[in-house]
1. Order by neighbour count: Met114, Met97, Met49, Met1, fewest other Cβ atoms within 10 Å first, most last.
2. Name the shape class, rounded, prolate or oblate, that the alpha-carbon gyration tensor gives for the chain, where a ≥ b ≥ c are the square roots of its eigenvalues, rounded holds for a/c under 1.5, and otherwise prolate holds if a/b is larger than b/c and oblate otherwise.
3. Cross-chain or 8 or more residues apart, Cα under 24 Å: how many lysine pairs in the chain fit that? Count them up, please.
4. Net charge near Leu164: determine it from the other residues with C-beta under 13 Å of the C-beta of Leu164, scoring Lys and Arg +1 and Asp and Glu -1.
5. Could you work out how far helix 112-130 tilts from the main Cα principal axis of the chain, as a 0 to 90 degree angle to the nearest 10?
6. Once the piece of chain linking Leu175 and Thr202 is laid out straight, how much longer is it, given 0.36 nm per residue of separation minus the C-alpha distance between them?
7. Pick from Ser80, Ser131, Ser196 the residue whose mean-square fluctuation is largest in a GNM of the chain, springs joining Cα atoms under 10 Å.
8. What is the order of Ser40, Ser4, fewest Cβ neighbours within 10 Å to most?
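Read the figures in this text as sums done on the coordinates, not as results from a lab. Predicted model only: the values in this text are computed from it and were never measured. Here the Cβ is made from the backbone with ideal geometry for all residues, glycine too, and neighbour counts use every protein chain on show.
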Amino acid sequence: MPLSPDEYFAHAIGAADVEGRLPVSRITGMAGWDVFPFDSDGLRTVPFMAPKLPETPRHGEGGIDCRACEVNNEALWSDSNWKLKATGTPSGAPLVMILEPKSHFDFTDLSDDMAGELGRLTVHIARAIESLPHIARAHVYRVGDGGAHLHIFFFARPAGFSQLRGSCFVLWDDLLPLIPVEQRDADALEVATLLSASYGGTVSTTKLSD
């Protein structure tokens, strides 16, 4: 039988200390990875909180007051169903881009045809990012806990920095100094141009980010 939220909490809190803090594992957990960005000595987790149901609605739940639905004209690249933009604020990563459907869909709302488009687009965007000479890998993320409008993140991992490989790159992105906006915009425009050439769609240079 699957664990209920309360049973899952009881299972987890049984491994915690008196303050409700789970241990930082140096052997089997992330803190033992060579790419983990923090020294595990003195590192501690926040107290593990009991479940709260129902969960707080995400931004744009049900398409209500959804900002992503209101800014279709601000995409760097777009076609009839999708739009691609760079993040509004430069990041520690050389480039972070976001792919969204123009209409209000969550991930599991997509039709089979839209899902097929998403798969092909994801590959074409990753190819374009990885074609940049200073980029080794395109990391692709979908979480969906903050906004109800589907958004796929593409993080460009710089070449030569094996310390930044893996899922900890999103943590490094917050720690590294911001990339100059001119460089970020040049990379974003190059990706959009390559995507248009390989997949189709239209590039707009009037709005590089939101």
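1. Numbers: Met114 16, Met97 26, Met49 9, Met1 4.
Final ranking by Cβ density, sparse to dense: Met1, Met49, Met114, Met97.
2. Numbers: a/c = 2.30, a/b = 1.40, b/c = 1.64.
Note, shape of the chain comes out oblate.
3. On the way: Lys83/Lys102; Lys83/Lys207; Lys85/Lys102; Lys85/Lys207; Lys102/Lys207.
Here the count comes out as 5.
4. Numbers: positive: Arg137, Arg157, Arg165; negative: Asp34, Asp173, Asp174.
Result for the local shell: 0.
5. Compared with the principal axis, the helix lies near 90 degrees.
6. Numbers: separation 27, 0.36 × 27 = 9.72 nm, distance 3.37 nm.
Length difference between fully extended and current span is 6.3 nm.
7. Result for the chain, Cα springs under 10 Å: Ser80 fluctuates most.
8. Numbers: Ser40 14, Ser4 10.
Ranked by crowding around the Cβ, least crowded first: Ser4, Ser40.
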